[in-house]
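**Student:** Okay, here's the structure, questions in a sec.
The values are calculated or read from the model by the stated rules, or taken from the named source; none is laboratory data. Treat the numbers as computed from the prediction; the structure is a model and nothing was measured. When we count neighbours, we look across all protein chains shown, and the Cβ atoms used for this are built from the backbone with ideal geometry, even at glycine.
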Amino acid sequence: MLWEAVRLAYTAIIRNKLRSFLTVLGVVIGVAAVIAMVTVGEGSSAQVKASVERLGTNVLVLRPGRARMGPPSAEPVPRFTLKDAAALAELSIVAQVAPQANGTYSLVAGNANSSAQVSGTTADYLKVQNWPLALGRAFEPGEEAAGASVCILGQTVRDKLFGSSDPLGESLRVRGLACEVIGVLSARGAGSFGQDQDEVVLIPVKTMHRRLQGDTNVGSISVALLKSVDSATGIRAVQALMRDRRDIEIGAADDFSVTDMKDFNNLLSGVNSVMAGLLSAVAAVSLLVGGIGIMNIMLVSVTERTREIGIRLAVGASGGQVLMQFLIEAIVLSVLGGAIGIGLGLALAWGGSIYLAVPFTPSAMVIALAFGFSAVVGVVFGFFPARRAARMDPIEALRHQ
Amino acid sequence: MSAPAPSTPLIAFRDVARSYGAGEAEVKALAGVSFQIGAGEFVAIMGPSGSGKSTAMNIIGCLDRPSAGEYLFKGIPVQGLDQDRRALLRRHALGFVFQGFNLLPRQSALENVELPLIYKGLPADTRRALAREALRKVGLDGREGHDPSQLSGGQQQRVAIARALAGGPSVILADEPTGNLDSARSHEIMRLLQALNRDEGITIVMVTHEDPIAHYAKRLMVFTDGHLTRDEPVRERA
Ligand SMILES: Nc1ncnc2c1ncn2[C@@H]1O[C@H](COP(=O)(O)OP(=O)(O)O)[C@@H](O)[C@H]1O
Ligand SMILES: [Mg+2]
């Protein structure tokens with residue numbers, strides 16, 4: 001009986017292909033939108049997680065200036081220097097420290113030119129960032145101390161300027177400064193905000209100061225804590241040291257910020273939960289619209305098939321059997337719409353994740369949920385038309401033209 | 001279905017009335033009719049248009065209920081049964097043949113005949129076998145796959161008879177079964193019904209306007225203005 005009803009529903013749907021398709025379009029679009037957005041969203045949050053995890057678990061990032069939003073303070077905030085970095089490195093709880101002085105400069109190699117973020121830093125930066133080299137070597141202590149003209153390329157810079165040829169030993173001009181390429185970083189992909197992390201050139205921080213930046217400011221300092229140290233303890237120690245070094249009086253606010261990359265991760269997952277709320281709203285509205293479409297067409301179908309219903313009742317169908325038939329037709333219709341929507345949504349997500357350079361991570365749970373919801377839509381919105389069919393008077397129905 | 005005990009007639013009307021509307025606009029389609037039909041009878045119902053023939057057929061067929069009086073089918077008081085209980089009686093004991101055939105379009109003859117068997121909950125292969133058998137009995141073997149639009153009126157009515165037959169009913173109710181057919185086709189259909197009555201012992205109640213058609217029956221009932229005005233054996237034709 002059940003299988004019979006599914007088969008019947010299928011033939012009824014196939015008989016009116018175009019109408020059936022238009023009917024389920026609401027469900028198709030709703031499910032496709034949700035599947036696409038959830039899949040891309042999960043891909044990007046997986047990427048954020050991965051990039052934060054790659055940082056190593058206990059990494060603090062220090063920046064001059066207040067952490068809180070608000071009007072900029074009237075007094076200029078003192079910058080960090082390499083001495084701050086050295087003092088931080090002395091703390092017993094710290095594993096490595098990497099100062100960073102950043103700027104965006106033009107790059108020329110042979111006939112090719114480009115521009116990228118240039119980071120003046122130390123070899124420890126690679127350890128703090130947990131970022132292995134693909135080729136070559138890191139800065140040597142001597143090169144760091146002397147401010148040697150050597151550089152390490154991110155994959156994007158390497159691709160743009162050197163293509164597939166071996167860049168090691170080649171010369172790269174950073175705003176006129178000729179540097180020898182000594183290493184290439186492994187590829188990292190897009191960062192938390194979709195920026196290309198591989199569009200970067202590393203040089204020793206002293207080289208940056210002397211040859212490019214012209215001052216000894218350090219934009220930020222990354223601090224990797226020892227594994228045994230929890231980040232709250234680490235943050236307190238780092239704050240105390242920096243307050244002391246910057247002569248901040250007791251009770252006065254910090255004039256620098258310490259960001260725990262784990263908190264950053266939590267912030268992003270907070271953003272994701274807002275996104276999830278919005279998505280649920282989109283899903284609810286589109287399934288409602290889709291459901292009303294299905295109810296409408298099922299009412300039309302019940303009216304059109306009044307005589308058929310009369311025949312079925314006359315040969316012995318009970319009201320319940322007629323109800324089941326139309327209910328199943330509505331469910332088949334909306335689950336079919338859900339299936340098309342899932343296919344379309346996954347295709348969109350696949351395209352979107354290529355475009356946004358995030359991993360394509362379809363979730364079986366979300367797909368199962370989409371199926372479940374479309375079935376529920378069929379039941380809820382198919383019930384009223386089906387009940388109308390079931391309650392028909394067989395004599396009236398048979399007389400219907 | 002086994003024949004009911006001799007004391008229990010298959011069909012018993014006791015003062016059955018059926019009226020439509022209320023007050024001034026009330027129409028008495030049946031105004032207190034009593035009769036009995038035993039198992040194995042072949043009854044023709046005649047009478048002018050609007051005399052209540054179809055109303056009586058609908059009540060016999062458990063599609064409708066009397067507004068007053070009693071209708072006992074195999075001793076079961078039908079006036080007390082709800083729509084679903086009456087559906088059960090139709091499913092297991094009654095078959096209908098209509099003037100306009102009432103086949104499902106776009107479904108093959110076989111599928112049409114299978115329809116009542118689906119509601120009996122029979123498995124697909126049993127259904128198919130029973131439906132083929134019924135089509136064979138009405139002389140349509142070889143036409144199983146045709147859909148109604150590919151069949152003549154006479155053939156469509158045979159499919160309808162096969163459908164009524166397939167579930168093994170005690171009674172086949174036919175409301176003007178030859179009304180849409182020419183004379184030759186009408187007589188073929190009547191010979192078929194006659195054979196089913198004679199060979200299968202199926203009780204047949206049939207409405208018709210035409211004397212020659214009524215002559216296939218063994219008993220004639222005439223309705224006039226909602227009353228049963230004549231009830232007699234059909235005289236053998238010369
Ligand atoms: N559903 C209905 N509503 C109102 N009047 C009806 C209905 N069905 C039948 N009637 C009336 O009942 C009377 C008997 O009808 P019916 O049994 O169909 O007659 P017939 O003998 O021609 O088959 C007629 O006057 C008809 O108009
Ligand atoms: Mg009539």
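**Student:** Take B:GLY179 and tell me if it is surrounded by fewer than 20 Cβ atoms within 10 Å (Cβ to Cβ), away from ligand 1 (no atom under 16 Å from the Cβ) and away from every other protein chain (no Cβ under 13 Å).
**Tutor:** So B:GLY179 does not fit the description; no.
Here's the yes/no breakdown for (1) within 14 Å of chain A (Cβ to nearest Cβ); (2) part of a strand (DSSP E or B); (3) farther than 24 Å from B:ASP231 by Cα; (4) among the polar types (S, T, N, Q):
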site	(1), (2), (3), (4)
B:GLY50	no, no, no, no
B:THR55	yes, no, no, yes
B:ASN58	yes, no, no, yes
B:ASP64	yes, no, no, no
B:TYR71	no, yes, no, no
B:ARG85	yes, no, yes, no
B:ARG90	yes, no, yes, no
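**Student:** Something else about it: Give me a count of the residues in the stretch A:312-346 that are crowded, with 23+ Cβ neighbours inside 10 Å, aliphatic (A, V, I, L, M) and within 13 Å of another protein chain (Cβ to nearest Cβ).
**Tutor:** 5
**Student:** Could you check the stretch B:46-77 and list, in sequence order, the residues that are of a type in the set (Asp, Glu) and within 13 Å of ligand 2 (Cβ to nearest atom)?
**Tutor:** B:ASP64
**Student:** Something else now. Restricting the stretch B:65-102 to residues that are more than 30 Å from B:SER152 (Cα to Cα) and of a type in the set (Phe, Trp, Tyr), which is farthest from the chain's Cα centre (by Cα)?
**Tutor:** Among residues in the stretch B:65-102 that are more than 30 Å from B:SER152 (Cα to Cα) and of a type in the set (Phe, Trp, Tyr), the one farthest from the chain's Cα centre (by Cα) is B:TYR71.
**Student:** A further question follows. Do we find a residue being closer than 30 Å to A:SER44 by Cβ and touching a strand residue (DSSP E or B) at 6+ places or on another chain (Cβ under 6 Å) anywhere in the stretch A:166-183?
**Tutor:** Yes, the stretch A:166-183 contains a residue that is closer than 30 Å to A:SER44 by Cβ and touching a strand residue (DSSP E or B) at 6+ places or on another chain (Cβ under 6 Å).
**Student:** Here's a follow-up. Within the group B:GLY142, B:GLY168, which residue is assigned to a loop (DSSP other than H, G, I, E, B), away from ligand 1 (no atom under 16 Å from the Cβ) and within 14 Å of another protein chain (Cβ to nearest Cβ)?
**Tutor:** Being assigned to a loop (DSSP other than H, G, I, E, B), away from ligand 1 (no atom under 16 Å from the Cβ) and within 14 Å of another protein chain (Cβ to nearest Cβ) holds for just one of B:GLY142, B:GLY168, which is B:GLY168.
**Student:** Name the pairs: first residue in the stretch A:59-82 and more than 13 Å from A:ASP254 (Cβ to Cβ), second residue modelled with pLDDT of 60 or more and loosely packed, with under 12 Cβ neighbours inside 10 Å, Cβ to Cβ under 9 Å, at least 6 apart or on different chains?
**Tutor:** A:ARG79/A:ASP215
**Student:** Which residue, of A:THR207, A:THR122, is more than 34 Å from the chain's Cα centre (by Cα), crowded, with 22+ Cβ neighbours inside 10 Å and of a type in the set (Val, Ile, Thr)?
**Tutor:** A:THR207
**Student:** Now a separate question. Please verify whether B:LYS53 is within 16 Å of ligand 1 (Cβ to nearest atom), among the charged types (D, E, K, R), under 17 Å from the mean Cα position of the chain (by Cα) and farther than 30 Å from B:GLU144 by Cα, treating the condition exactly as stated.
**Tutor:** It is true that B:LYS53 is within 16 Å of ligand 1 (Cβ to nearest atom), among the charged types (D, E, K, R), under 17 Å from the mean Cα position of the chain (by Cα) and farther than 30 Å from B:GLU144 by Cα.
**Student:** Within the stretch B:159-176, track down each residue that is within 16 Å of ligand 2 (Cβ to nearest atom) and under 16 Å from B:LYS137 (Cβ atoms).
**Tutor:** B:ALA174
**Student:** Hey, any hits in the stretch B:92-99 for a residue that's within 13 Å of chain A (Cβ to nearest Cβ) and part of a helix (DSSP H, G or I)? Let's see the steps before the verdict.
**Tutor:** Of the residues in the stretch B:92-99, the ones within 13 Å of chain A (Cβ to nearest Cβ) are B:92-99.
In the following step, the residues that additionally are part of a helix (DSSP H, G or I) were identified as B:92-93.
There is at least one residue in the stretch B:92-99 that is within 13 Å of chain A (Cβ to nearest Cβ) and part of a helix (DSSP H, G or I).
**Student:** Take the residues in the stretch B:3-48 that are within 16 Å of ligand 1 (Cβ to nearest atom) and in a loop (DSSP other than H, G, I, E, B), then tell me which one is nearest to the other protein chains (Cβ to nearest Cβ).
**Tutor:** B:GLY21
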